[in-house]
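The values are calculated or read from the model by the stated rules, or taken from the named source; none is laboratory data. None of the values given here were measured: they were computed from a predicted structure. Here Cβ is always computed from backbone atoms with ideal geometry, including for glycine, and neighbour counts include all displayed protein chains.
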Amino acid sequence: MKLPGSEEIVDDLAFFDDWEQRYQYIIDLGKSLPPMDEADKTEDRLVRGCQSSVWLKAHRENGVLHFAVDSDAIIVNGLLALVMAAYNNKTPEQILTFDIDDYFQQLDLERHITPTRGNGLRAIVSKIQDIARESR
């Protein structure tokens with residue numbers, strides 16, 4: 001399964017009647033992320049502020065930022081997929097101008113995840129935005 005874009009994810013999630021189905025969809029999105037090489041799961045790539053272990057690797061090519069992500073928690077991989085749909089393979093300017101708060105609100109996500117998961121999600125977003133600012 002190829003990771004859909006952020007707009008398609010918003011539309012897909014709106015299709016489901018309850019949050020159990022939405023959680024399953026998010027988990028399935030996480031399974032579609034390309035696997036991260038174990039050698040890339042280093043201490044310096046750990047995202048601080050996450051309840052689970054989350055690794056983030058970034059590189060820039062032709063003005064576009066590419067990310068590799070992974071977590072030791074299935075649901076977090078799903079949340080990472082939601083973030084990757086918004087940010088992966090985008091220019092730093094596209095990342096910094098994308099309204100992530102509106103995206104999360106459209107997903108109705110933060111009402112349905114624990115506060116610690118929400119804090120971790122914000123830490124991931126913040127790290128990606130920092131990378132985008134440094135890459136301009």
field: Only one of Leu3, Leu29 that is in contact (Cβ under 8 Å) with a residue 40 or more places away in the chain and part of a loop (DSSP other than H, G, I, E, B)
entry: Leu3
Residues (exposed (fewer than 13 other Cβ atoms within 10 Å of the Cβ) and either among the aromatic types (Phe, Trp, Tyr) or closer than 20 Å to Gln129 by Cα (or both)) located in the stretch 17-29: none
field: Conditions (1) small (Gly, Ala, Ser); (2) within 23 Å of Arg22 (Cα to Cα); (3) out of contact with any Ser or Thr (no Cβ under 7 Å at 6 or more places or on another chain); number of the one not met by Ala132
entry: (2)
Every residue from the stretch 92-132 that is closer than 17 Å to Val76 by Cβ and charged (D, E, K, R): Glu110, Arg117, Arg122, Lys127
- request: Would you check which residues across the stretch 116-130 are basic (Lys, Arg) and either modelled with pLDDT under 95 or closer than 12 Å to Leu80 by Cβ (or both) and list them?
  value: Arg117, Lys127
Which listed residue, of Leu65, Leu96, is under 16 Å from Ser126 (Cα atoms) and part of a helix (DSSP H, G or I): Leu96
task: Residues being of a type in the set (D, E, K, R) and either under 15 Å from Ile74 (Cα atoms) or in contact (Cβ under 8 Å) with a residue 12 or more places away in the chain (or both): count how many of those fall in the stretch 15-26.
output: 2
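Do we find a residue being over 14 Å from the mean Cα position of the chain (by Cα) and not acidic (Asp, Glu) anywhere in the stretch 80-93?
yes
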Matching residues in the stretch 32-48 - criterion: being touching a residue at least 24 places away in the same chain (Cβ under 8 Å), touching a Phe, Trp or Tyr at 6+ places or on another chain (Cβ under 8 Å) and either of a type outside the set (A, V, I, L, M, F, W, C) or assigned to a helix (DSSP H, G or I) (or both): Asp40, Lys41
Scope the stretch 77-122; condition surrounded by fewer than 16 Cβ atoms within 10 Å (Cβ to Cβ) and of a type in the set (Val, Ile, Thr); matching residues: Thr97, Thr114, Thr116
- line: Counting only residues that are crowded, with 19+ Cβ neighbours inside 10 Å and farther than 25 Å from Arg133 by Cβ, the stretch 30-76 contains a total of 1
